[in-house]
1. Amide H to amide H under 5 Å from residue 36: which residues, 5+ apart in sequence or cross-chain, H placed 1.01 Å off N in plane?
2. Compactness ratio of segment 194-319: Cα Rg over 2.2 N^0.38 Å, N = residue count?
3. Filter the GluC sites (Glu not before Pro) in segment 329-400 down to the DSSP loop ones having no more than 12 other Cβ atoms within 10 Å, then list what survives.
4. Relative to the longest principal Cα axis of the chain, at what angle does helix 359-369 sit, 0 to 90 degrees, rounded to 10?
5. Return the long-range amide H neighbours of residue 314 (sequence gap of 5 or more, or a different chain), with a cut-off of under 5 Å between placed amide H atoms.
6. Report relative contact order for the chain in percent, whole number only (criteria: Cα-Cα under 8 Å, sequence separation at least 6).
7. Near residue 29, which lysines are there with a Cα under 28 Å away, not counting those fewer than 8 places off in the same chain?
8. Using helices alone, I'd like the mean residue ellipticity at 222 nm for the chain: each DSSP H run of four-plus residues gives -39500 (n - 2.57), total over residue count, nearest 500.
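Read-outs: derived from the displayed coordinates by stated rules, not from any lab. The shown structure was predicted, so the numbers you read here are calculated from the model rather than taken from an experiment. Here Cβ is always computed from backbone atoms with ideal geometry, including for glycine, and neighbour counts include all displayed protein chains.
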Amino acid sequence: MKTERLYYDIHDDGVYAATILEIRPFKDKTALILDKTIFYPEGGGQSGDRGAINGAALLDTREEGGEILHVVSEADGAALRTGGAALRLDTRRRRDFSAQHTAQHLLSGTILRLTGKPTLSMHLGEEVNTIDVDAPEFTKETLLAVEEAVAGAIERDCPLITHFCPPENVADFPLRKVPPQGEEVIRVVEVQGNDFSPCCGTHLRSTGEIGMLRILGAEKYKGMTRVSFIAGRRVLNDSRLLRDNADTVSRALKVPVVEAAQAVLALLEKAGALERRVKALEETLAGIKAAELLQKAGILAEGATPTPRVLALSLPDADIDEAHRIGRAAQKLCGVPLVFASPKDAKFVAFCSTKGIDLRPMLKPAMEANEGRGGGGSSFFQGVFSSAQELAAFMAALTLPNALP
Ligand SMILES: [Zn+2]
């Protein structure tokens, strides 16, 4: 069914009368067919309008097989009837997308004029928009020049003019892209002094209404350059968000906002140096603790000749990282198989620097008997238990004489 398209002319939030001709299932939702519509259907990189039909939230508007489908929830669809309908447009969203779309024309036209590179595709997102430009890359200076030129065109408030042109006359316009084939009339949108483009989307009346355009970045994408941008009210929202963030950093570091980034970098450098220093101190401390533990166990006592037995110790104050550091330091001081447990983490680590001693047969049976999981090689082994109790039972099993090699 052909729906009369009124969406180019309607952009206020008044209530418009139409007729629901058909209600039909659409995926897990319901689609309405109207005799006329104020809602723009998704197409040409611009998403479909939202709003309400007889109070039911319009979730999407799309075109399929020449029909315009107005998508509502299944529950709303069940409550609706064919016949008279009141249509209300989400004007805030429409205006936002019209601003992004108009900005895209201006941006693509400006890039083409300044660099000779055409836009091959575009996407208007709910938050950020992108265009894919047939260029391997853009320098920062180029992007800045483009942004400045766009700002100039916004200040000059250039009007947008819509031309309806039969296909045979389309060559009269210096079009930026190839017009669609098989159309009776081509809709050419002119941004005066900037761009001519065949386009079916919704636009603002002049570039001044865009307010502002910001290029957010450019990255390589499938041999092209993907330029992301925002326009209109989105720039204000973005600026507010960035300012709030910068203010928080500025207050926390007690520096002016413009120095916040530099201050964060300096702080990161300082934090990195401190971290390296802490690590070195932790290693030193682990060495001292390891020597102490081995001395207490009689392994490093004067005149002691350590027989190959297991030293299994629980370190109640250490997390597994510290247990690891102590173990590493201790194995440099003796060749005895060492098992250090962290009850906090319900984990253990084991080391042995003596060739010919294999940790695995020493540890695996007791570990598995207590539902532990882990693994390793002959000289390093680690495991984890579901609780500190199971870890303790494992450690107790290791001190039994039959656990010794
Ligand atoms: Zn357009």
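1. Amide H neighbours of residue 36: 4, 19.
2. Compactness ratio reported: 2.22.
3. Here the GluC sites (Glu not before Pro) that fit, given the DSSP loop and packing criteria, are 371.
4. The angle comes out at about 70 degrees.
5. 341
6. 9 percent
7. 2
8. Here the helix-only value at 222 nm equals -11500 deg cm²/dmol.
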